[in-house]
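Some notes on the structure that comes next.
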Amino acid sequence: MRMHKTRLPDAAARNRQTCRLHCAVVAGILFLSGCRGIQSTLDPQGPQADEIARIAWVMFWGAGFILLLVMALALATLFRTPSQRRPVSANVFIIAGGVALPVITLTALLIYGVDAMRSLRATAEPTAQIEVVGNRWWWDVHYRDPDGHAITSANEIRIPAGKPVKVLVRTNDVIHSFWVPNLAGKIDLIPGRSNHIVLHANAPGQFRGQCAEFCGAQHARMAFHVIAQAPEAHAAWLAQQRMPATAPADRLSLRGQEVFLARCAQCHTVRGVSEGAKRAPDLTHLASRQFIAAGTLENNRQNLIAFVSRSQEIKPGSDMPSHSDLDDATLQALASYLESLK
Ligand code: CUA
């Protein structure tokens, strides 16, 4: 009985220890997995992002080293016995710790940072040009195909993998910031100015971008995706995007097109059907995109209907009105038409 009693705390302690170990392992895995992903500066997927991640790690380890040094000095001071303490001139501390150390470390960091910045700019001459225009709260994307034809899309940017791509950025309203953490740094979209940034993905893949400058109520829902494709696939995609919209193939979609012309065409362009409206995203090839409402919802029938009928609940304050008066049959027809815009 006694043995039993003395053993119990041991077992409990062992259990607690095992639990702590498990928790630490799980936390470690979660911590490390947090660095991976389609929107992470710690998972660089191109030369620009590599350089930025390197700067961040140098800063992190440098700051960590200085923190440890300061802590060690503080502990040494605390635990020294009075007999071990020797008076040190205040001037030595001020000159060594307050002037020399910061000047040396900050100068070294400045030289390293400026050099890294130069190598960020000195990439090979970018191949294709894409123009991205920020709007509250979506991204207008313009391409030129090899023959010089203009192609317009929204909230999804496709680039050829393995090549630097120059992206010009402008804004139609307030300041936004264009950021694809896996591929490059941030660049601000400033009213009255045109900026540029280079996106360069090592290999095909999909990445998430986000507006990184507070721009109003739906700033958080001003996202986009960058899809890096093999060059041949990208050329084929461009050729397909250049085509006008496909005509509705069935009665339901035809009815949907009528609804679109009556309700949506004032703001949305579908090339070949209603041209010239620039207030809202170009929907000519909407069905080829993976998300709607600037990265907010996956592009499927349920979400299309939800966004058309309840946009002000999903993205309050956006220019898109809720078409809550449309009945289910009409919404189904409209969604069927939108899904046909491949
Ligand atoms: Cu646009 Cu925040």
Against the condition part of a strand (DSSP E or B) and within 16 Å of the ligand (Cβ to nearest atom), how does residue 173 come out, does it pass? no
Within the range 219-229, of all residues that are touching a residue at least 24 places away in the same chain (Cβ under 8 Å) and near the ligand (Cβ under 10 Å from one of its atoms), the one surrounded by the most Cβ atoms within 10 Å (Cβ to Cβ) is 222
Condition check: out of contact with any helix residue (DSSP H, G or I) (no Cβ under 6 Å at 6 or more places or on another chain) and either farther than 27 Å from residue 38 by Cα or not β-branched (Val, Ile, Thr) (or both). Does residue 281 satisfy that? yes
With criteria (1) surrounded by 11 or more Cβ atoms within 10 Å (Cβ to Cβ); (2) farther than 30 Å from residue 292 by Cα, residue 126 comes up short on (2)
Only one of 63, 56 is under 30 Å from residue 162 (Cβ atoms), modelled with pLDDT of 65 or more and in a helix (DSSP H, G or I); which? 56
State whether one or more residues within the range 208-218 are within 16 Å of the ligand (Cβ to nearest atom), crowded, with 20+ Cβ neighbours inside 10 Å, assigned to a loop (DSSP other than H, G, I, E, B) and modelled with pLDDT of 95 or more. yes
Would you point out which residue out of 249, 287 is assigned to a loop (DSSP other than H, G, I, E, B), in contact with a helix residue (DSSP H, G or I) (Cβ under 7 Å, 6 or more places away or on another chain), under 15 Å from residue 337 (Cβ atoms) and of a type in the set (Gly, Ala, Ser)? 249
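The values are calculated or read from the model by the stated rules, or taken from the named source; none is laboratory data. Since the structure is predicted, the reported quantities are computational estimates derived from the model, not experimental observations. Every residue, glycine among them, receives a Cβ derived from its backbone with ideal geometry; neighbour counts consider all protein chains shown.
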